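Worksheet: the structure to be examined is printed underneath.
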Amino acid sequence: MPMDLLAQVHAFIRRHGLLAPGDGVVVGVSGGPDSLCLLHLLLRLREEYGLRLHVAHLHHGLRGAEADADAAFVADLARRWGLPATLVTRDVPAIARAHGLAFEEAARRVRYAFLAHVAGEVGATKVAVGHNGDDQAETVLMHFLRGAGPAGLRGMLPLTPLSDYRLLEPLREADFQDGPFPAVDIIRPLLETPRAEIEQYCVEQGLEPRFDRSNLDTTYFRNRLRHELLPILETYNPNIRRRLQHTAEVVAADYALLARLRDWAWEETVRETGPEAVVFDRNAWRAQPLAMQRALLRAAACRLRPQLRDVDFVHVENAVRVARDGDTGAQATLPDGLLLVVGYDRLTVQGATYTPPLPGPTLPPDVEITVAWPGLTPLPDGEWSLQAEELSEWTAEQVAANPDRWTAYLDADALVPPLLLRTRRRGDRFRPQGMAGHAPRLSDWMVNARVPRLWRDRLPLLLSGGEIVWVCGWRVAETACVSAHTRRLLRLVFRR
């Protein structure tokens, strides 16, 4: 058994490229059978790979004297085996309460932060943890019960870049890292090894691991799966744990392909990205297959909320339905304060309080500005100004080919000075070019012209003689448009 397990783990390491010659490896050692077996195996591989091993142990501030004894056991083990060690204590229950996290989740985050910190301190490139095949089966089942997508059903991966664990950033109480975490990889050499084989290895090698009584506490979700649900499932299929591991392997490979396709689709469908919003081209997103639509929305949510481990099926399906079938203004709720909002030609995944920026000048309400004609009129935001100038030479083709929505050409003789800029008011009407003099309510026209709702109260309007002659950025009025009878041309240009 010992040689067989060593060969099995060695083959797994080679197959997944977990170690390279000369690697510095921080080994997370709790004192239990998994981490003890892992450390012992890495010691046996140390000469072949030229490894520099460093033991790391985190006391979670729980279990009192038992946890103290675990720490003492690991310290003594490292001393006897001639390995450097770092042991620290953190009040994980207090951190969990401060962040509203379950203890299991807080412990996981703090533990990875600690291991990353140690890796940075000792110049290691790898962090080895003792997750085994049974842990993998429990993880897949746990994610399945929570409604996870492919990212969750992959379970744990043999190798994960630490940069994927961006969820560590909020845990400043842990106080492990002043700057960014080092560029290291989390490796799991025992991920295919059943727990029973690990325990047998410890017996045959004379290892005496510690026993953590909290692993029997079924108030923890994972322990309930381990001690209650999986034994029931084994009455249906005695190999259920191995089947769940196989599921993880298959989904992980499929997910890798989907991720490559998703990255391509992201470039094709995303118009804008920022810290507060991801904007998709509505038609381009709708043209994607259903699996890709789901993947893109999941990716957008995880980009905006890196601490999300997954986005469950119900949230994704509701968002897909709204994005596909919803009218302009429809919304769908996503986790962690995110919304999907349907626009005229875009789909935006955003925070609930996000206000999309107007791609041009804005005015505050109840402000009226006299426009210098000719001349330069600064706007109150200090960023934009309006340049007004009469052109002595121009052509109809020049006017018709105007490529800039923030430039307008008006018939100067049709205008009554002074020209004014303001935002919309109740009762405003607008006589747009091309509607044969018809003057609908401005609010109705804005809806039909697909002016985004959040922009309508901030959009500048140009008035002449009390009449709106330009809804800036959108349309010129019929009464002021350039025609074959125009003699004098006024060009208005908003400039940054």
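Less than 5 angstrom separates the built amide H of Val311 from those of Gly149, all sequence-distant by 5 or more or on a different chain.
The 3J(HN,Hα) values that the Karplus relation (6.51, -1.76, 1.60; θ = phi - 60°) gives for the stretch 294-300 are, in residue order, 4, 4, 5, 5, 4, 5, 5 Hz. Gly and Pro appear as x.
Give me log10 I(q)/I(0) at q = 0.09, 0.13 Å⁻¹ for the stretch 2-236, Debye formula, one equal scatterer per alpha-carbon, no solvent. Evaluating at q = 0.09, 0.13 Å⁻¹ gives log10 I(q)/I(0) of -0.36, -0.81.
Taken along its three principal axes, the alpha carbon spread of the stretch 173-296 comes to 61, 47, 30 Å, from the longest extent down to the shortest.
Expressed as a rounded percentage, what relative contact order does the chain have, with Cα pairs under 8 Å and six or more residues apart? Contact order relative to length: 11 percent.
Projecting label points 7 angstrom from Cα along Cα→Cβ for Leu145 and Arg495 puts them 6.7 nm apart. What separates the Cα centres of the stretch 89-129 and the stretch 198-274 is a distance of 20 Å. Taken over the alpha carbons of the stretch 314-390 as equal point scatterers, the Debye sum produces base-10 log I(q)/I(0) values at 0.13, 0.15, 0.23 Å⁻¹ of -0.60, -0.67, -0.99. For the chain, the spread of Cα coordinates along the three principal axes comes to 101, 47, 40 Å, biggest extent given first. What the Kirkwood sum gives for the stretch 258-351 is a hydrodynamic radius of 12.8 Å, with every pair of different alpha carbons counted.
Compute the relative contact order of the stretch 392-496 as a whole-number percentage, counting only Cα pairs closer than 8 Å that sit 6 or more residues apart in sequence. 41 percent.
In the chain, the DSSP-assigned H stretches of four residues or longer account for a calculated mean residue ellipticity at 222 nm of -11500 deg cm²/dmol, using -39500 (n - 2.57) per stretch and the full residue count as denominator. Here the label points at Ala401 and Ala259, each 7 Å from Cα along the C-beta direction, are separated by 4.9 nm in the simple model.
Normalised by 2.2 N^0.38 Å, where N is the number of residues, the alpha-carbon radius of gyration of the stretch 41-119 equals 1.27. What do you get for trypsin sites (Lys or Arg not before Pro) in the stretch 13-73 restricted to DSSP loop and a cutoff of at most 11 other Cβ within 10 Å of the site's Cβ? Of the trypsin sites (Lys or Arg not before Pro), not one in the loops of the stretch 13-73 has a Cβ with at most 11 other Cβ atoms within 10 Å. Using a ≥ b ≥ c from the Cα gyration tensor of the stretch 369-495 (square roots of the eigenvalues), is it rounded, prolate or oblate, where a/c under 1.5 gives rounded and otherwise the larger of a/b and b/c decides, a/b for prolate? Note, shape of the stretch 369-495 comes out oblate.
Selection among Pro150, Thr160, Gly123 by position relative to the dipole of the stretch 114-167 gives Pro150 as farthest towards the positive end (Cβ unit charges, Cα centre).
Just so you know, all these numbers are worked out from the coordinates, no wet-lab data involved. These numbers come from a predicted model, not from an experiment. Please note: Cβ atoms are built from the backbone with ideal geometry, for glycine as well, and neighbour counts cover all protein chains shown.
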